[in-house]
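Worksheet: the structure to be examined is printed underneath.
The values are calculated or read from the model by the stated rules, or taken from the named source; none is laboratory data. These numbers were taken from a predicted model, which means no experiment stands behind them. When we count neighbours, we look across all protein chains shown, and the Cβ atoms used for this are built from the backbone with ideal geometry, even at glycine.
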Amino acid sequence: MSLAPIAKKDFQDAVRSRGMLALVALFSLLVAAFAVVVRPTGQGTEQFATELLLQFFVGRFLVTPLVPLVGIVVGYNAISGERESGSLKLLLSLPHSRADVVFGKVIGRGAALSLAVFTGFLLPGLVLFALEQTGALAAFNVGSFLGYTVFAAVLGVVFVAISVGFSAAASTQRRALIGSVGVYVLFVLLWSAVTGQFLNAASGVIDPLPVSQQQVSVFLQAANPTSGVELLSSAFLGGQLLAGETLNQQISAVSMLVFWTIAPPLVGLWTFDAADL
C-alpha cells in the first residue's frame, strides 16, 4: 500500500500554496479582532469570556461559514484537477492504487487544513494571553481555546473528505466544485429550512412510527456536520462532553461525523474505479 507518499505530497503542496497562506492570515486576523473586541473584565469571567468568544462570535461568524468553505477549496480539485491535466495517469502508472489516491488525498489535505486551523488560532490565542497578562481580560481558559480549535479542525477535515469524494466521482473540476458547493449551501445555509419543510411534509408519515417528530428533528440536527460540531463543542465548553442530558445527541453527532468523513470518499472511489481515464 502506497497511501503515505501521496498523503505526504498533498500535505506539502497544500501548506505551500499561496491560497492556503492567505486564508490562514485572514482567518487569524479576524479571530484576533474578535479576541480584542470581546474581552469582558472583572472577577469570575474566565469561562464567560472564552465561551462567548469561541461559541458565539468565532463559531457563528467564522468557523461555521468559513472552515467548511476552506475545506471545499482545498479538496474539490484534488483528483478532478489532476484528471483534467493528465497528471493522474502518471500518478496511477506508479505503484499506487486508486484507493491510495483517494484516501491519501483526504489524509494529506485534511492534515494541511488542520495545520492551517491551528495556525490561524495561534495569533488570537497569543492576543488573549497578552490581554490576560495586562489585566485587560480577567482570565483566559487556554484548555477551552485549544479544545475548540480541535473541533474546528475536525469540521474542516469532514468537508475536505466530502469535496475529495466529489472530486473522485466527477470527471471535471467544474462538476466537483458544483457538487461540493451544493453540499456547503445545504449544510451551512439551508439545512434548517430544508429539514423544517421535510418535517412538516412528513408529519403524517412520522406520527404512526414509534418515534416522535422531536426525535427525528434531533437526529436531523446531528446529521449535519456543522450543527454536530457545534453541539459537541458547546458540550465541551460547558464541561459536558459525552455526558449530561445531550449524551445521545452527542453520540449521534460523533457517528455522523465519522460517516461524512468515510462515506463520500468511498462513494467517490466506487465511481472512480469504474471510470475510464
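There is at least one residue in region 171-188 that is in contact with an Asp or Glu (Cβ under 8 Å, 6 or more places away or on another chain) and not hydrophobic (A, V, I, L, M, F, W, C).
Suppose we filter A99, A22, A111 for residues that are at pLDDT 75 or above, among the small types (G, A, S) and more than 30 Å from L237 (Cα to Cα); which single one remains? Give the derivation first.
On the way: A22 fails: more than 30 Å from L237 (Cα to Cα); A111 fails: more than 30 Å from L237 (Cα to Cα).
Sole residue among the options that is at pLDDT 75 or above, among the small types (G, A, S) and more than 30 Å from L237 (Cα to Cα): A99.
Considering only region 258-273, I want to know if a residue exists there that is at pLDDT 90 or above, part of a loop (DSSP other than H, G, I, E, B) and either touching a Lys or Arg at 6+ places or on another chain (Cβ under 6 Å) or not small (G, A, S) (or both). There is no residue in region 258-273 that is at pLDDT 90 or above, part of a loop (DSSP other than H, G, I, E, B) and either touching a Lys or Arg at 6+ places or on another chain (Cβ under 6 Å) or not small (G, A, S) (or both). Contact map, region 66-84: residues that are under 21 Å from L155 (Cα atoms) paired with residues that are polar (S, T, N, Q) and not in a helix (DSSP H, G or I), Cβ distance under 9 Å, separation 6+ or inter-chain. Pairs shown: V74/S17.
Here is a check on your reading of the model: is S180 under 25 Å from G75 (Cα atoms), touching a Ser or Thr at 6+ places or on another chain (Cβ under 9 Å), polar (S, T, N, Q) and assigned to a loop (DSSP other than H, G, I, E, B)? Against the criterion (under 25 Å from G75 (Cα atoms), touching a Ser or Thr at 6+ places or on another chain (Cβ under 9 Å), polar (S, T, N, Q) and assigned to a loop (DSSP other than H, G, I, E, B)), S180 does not qualify.
Only one residue in S144, S171 is touching a residue at least 40 places away in the same chain (Cβ under 8 Å) and not in a helix (DSSP H, G or I), so which one is that? So that I can check it myself, show each step before the final result.
Details: S144 fails: not in a helix (DSSP H, G or I).
Just one listed residue meets the conditions, S171.
Output yes when any residue across region 188-195 is touching a residue at least 40 places away in the same chain (Cβ under 8 Å) and surrounded by 13 or more Cβ atoms within 10 Å (Cβ to Cβ), and no when none is. Show your work before the answer.
Here is the first cut: in region 188-195, the ones touching a residue at least 40 places away in the same chain (Cβ under 8 Å) are 188.
Now restrict to residues that are surrounded by 13 or more Cβ atoms within 10 Å (Cβ to Cβ): 188.
Checked region 188-195: at least one residue is touching a residue at least 40 places away in the same chain (Cβ under 8 Å) and surrounded by 13 or more Cβ atoms within 10 Å (Cβ to Cβ).
Within region 107-114, at least one residue is over 14 Å from A153 (Cβ atoms) and either acidic (D, E) or within 22 Å of the chain's Cα centre (by Cα) (or both).
Among the listed residues L199, L209, which satisfies the condition of being outside any helix (DSSP H, G or I) and surrounded by fewer than 16 Cβ atoms within 10 Å (Cβ to Cβ)? Exactly one of L199, L209 is outside any helix (DSSP H, G or I) and surrounded by fewer than 16 Cβ atoms within 10 Å (Cβ to Cβ), namely L209.
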